[in-house]
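Undergrad: My structure is below; once you've seen it, I'll send some questions.
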Amino acid sequence: NAAGGGKWLWWMDGRCATVEKLMGQMRGKLSPVGGGAKQLVGAIRSLAKQVAHGGAAGGVLFVQSGALAGCFANRCASLRAVVGTCGEAAMQGVNLLGANVLIVEYPHHGVESMRGMIEDFVGAERGRLDGVARQLEELGTCV
């Protein structure tokens, strides 16, 4: 099962004709986050809620810079986000962390790079990572 079932969502910070074209081509695989989320925090909140309630498997965030998106998304218990610097990094996020959110810094990728990374990420099987869950719970008590 791909990250708990459900559909895959996407959201974009700003405008990028390449991303818009790609998402048009991938319309059957990914749907917009919805809810009129114009800002990053609102998009992450909406995505986290849909994942937590089983309405979405995860999402792809297209941003100009991944720093805020990574930090913010990983504050939500239902999300495990990874910045897709390349396809291998995205898949390491799935295999090592059970990532269900792919952050794509769209100024640094072409359409084929993004398409391959997204297709692999969305299509990947996600196994149980009990050790990671325990470590995350332990880190949740950090001061």
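The values are calculated or read from the model by the stated rules, or taken from the named source; none is laboratory data. Computed from a predicted structure; not experimentally measured. Methodologically, a virtual Cβ is constructed for each residue, glycine included, from the backbone with ideal geometry; neighbour enumeration extends over all protein chains shown. Ligands, DNA and RNA are stripped out before the accessible areas are found, and what is left, the full protein with its side chains, is counted by its heavy atoms. Shrake-Rupley method; radii C 1.70, N 1.55, O 1.52, S 1.80 Å.
Undergrad: Is it the case that some residue within the range 60-76 is free of Cβ contacts under 8 Å to residues at least 40 places away in the same chain, out of contact with any Pro (no Cβ under 7 Å at 6 or more places or on another chain), within 16 Å of K7 (Cα to Cα) and among the small types (G, A, S)?
TA: Scanning the range 60-76, I find no residue that is free of Cβ contacts under 8 Å to residues at least 40 places away in the same chain, out of contact with any Pro (no Cβ under 7 Å at 6 or more places or on another chain), within 16 Å of K7 (Cα to Cα) and among the small types (G, A, S), so the answer is no.
Undergrad: One residue is enough: does the range 46-55 have a residue meeting the conditions closer than 16 Å to I118 by Cβ, under 14 Å from the mean Cα position of the chain (by Cα) and buried (at least 17 other Cβ atoms within 10 Å of the Cβ)? I'd like the intermediate steps shown before the answer.
TA: So in the range 46-55, the residues closer than 16 Å to I118 by Cβ come out as 47.
If we keep only those that are under 14 Å from the mean Cα position of the chain (by Cα) as well, we get 47.
If we keep only those that are buried (at least 17 other Cβ atoms within 10 Å of the Cβ) as well, we get 47.
Scanning the range 46-55 turns up at least one residue that is closer than 16 Å to I118 by Cβ, under 14 Å from the mean Cα position of the chain (by Cα) and buried (at least 17 other Cβ atoms within 10 Å of the Cβ).
Undergrad: Continuing with this model, one more query. How many residues are among the hydroxyl-bearing types (S, T, Y) and in a strand (DSSP E or B) if we restrict to the range 8-42?
TA: Taking the range 8-42 and keeping what is among the hydroxyl-bearing types (S, T, Y), we get 18, 31.
Right, trim to in a strand (DSSP E or B) and you get 31.
The number of residues fulfilling the criteria is 1.
Undergrad: Would you say S31 is more than 18 Å from V122 (Cβ to Cβ), touching a strand residue (DSSP E or B) at 6+ places or on another chain (Cβ under 8 Å) and of a type outside the set (F, W, Y)?
TA: Details: more than 18 Å from V122 (Cβ to Cβ): no; touching a strand residue (DSSP E or B) at 6+ places or on another chain (Cβ under 8 Å): yes; of a type outside the set (F, W, Y): yes.
So S31 does not fit the description; no.
Undergrad: Taking the residues in the range 91-143 that are open to solvent by less than 60 Å² (accessible area, probe 1.4 Å) and of a type in the set (D, E, K, R) as candidates, determine which candidate is nearest to I44 (Cα to Cα).
TA: E105
Undergrad: Still on this model: Going by the conditions given, is A81 modelled with pLDDT of 95 or more, open to solvent by less than 30 Å² (accessible area, probe 1.4 Å) and closer than 21 Å to E20 by Cβ? Working first, answer last.
TA: Details: modelled with pLDDT of 95 or more: yes; open to solvent by less than 30 Å² (accessible area, probe 1.4 Å): yes; closer than 21 Å to E20 by Cβ: no.
Answer is no for this residue.
Undergrad: Take the range 12-31 and flag every residue that is more than 14 Å from V104 (Cα to Cα) and either open to solvent by 70 Å² or more (accessible area, probe 1.4 Å) or touching a residue at least 40 places away in the same chain (Cβ under 8 Å) (or both).
TA: Here is the first cut: in the range 12-31, the residues more than 14 Å from V104 (Cα to Cα) are 17, 21, 24-31.
Across the range 12-31, the qualifying residues are A17, K21, Q25, M26, R27, G28, K29, L30.
Undergrad: May I pose another question? If you check G34 against the conditions, is it open to solvent by less than 50 Å² (accessible area, probe 1.4 Å), within 19 Å of L22 (Cβ to Cβ) and at pLDDT below 95?
TA: Values: open to solvent by less than 50 Å² (accessible area, probe 1.4 Å): yes; within 19 Å of L22 (Cβ to Cβ): yes; at pLDDT below 95: yes.
Here the answer is yes, as G34 does meet what is asked.
Undergrad: When the residues of the range 62-78 are narrowed to those that are outside any helix (DSSP H, G or I) and open to solvent by 80 Å² or more (accessible area, probe 1.4 Å), which ends up farthest from G140 (Cα to Cα)?
TA: Filtering the range 62-78 down to residues outside any helix (DSSP H, G or I) leaves 62-65, 74-78.
Then keep just the ones that are open to solvent by 80 Å² or more (accessible area, probe 1.4 Å); that gives 64, 75, 77.
Details: Q64: 28, R75: 10, A77: 10 Å.
Among those residues, the one meeting the criterion is Q64.
Undergrad: Right, another one. Quick one: which of R134, R126, R115, R45 is in contact (Cβ under 8 Å) with a residue 40 or more places away in the chain and assigned to a helix (DSSP H, G or I)? Steps first, answer last, please.
TA: Values: R134 fails: in contact (Cβ under 8 Å) with a residue 40 or more places away in the chain; R126 fails: assigned to a helix (DSSP H, G or I); R45 fails: in contact (Cβ under 8 Å) with a residue 40 or more places away in the chain.
Of R134, R126, R115, R45, the one residue that is in contact (Cβ under 8 Å) with a residue 40 or more places away in the chain and assigned to a helix (DSSP H, G or I) is R115.
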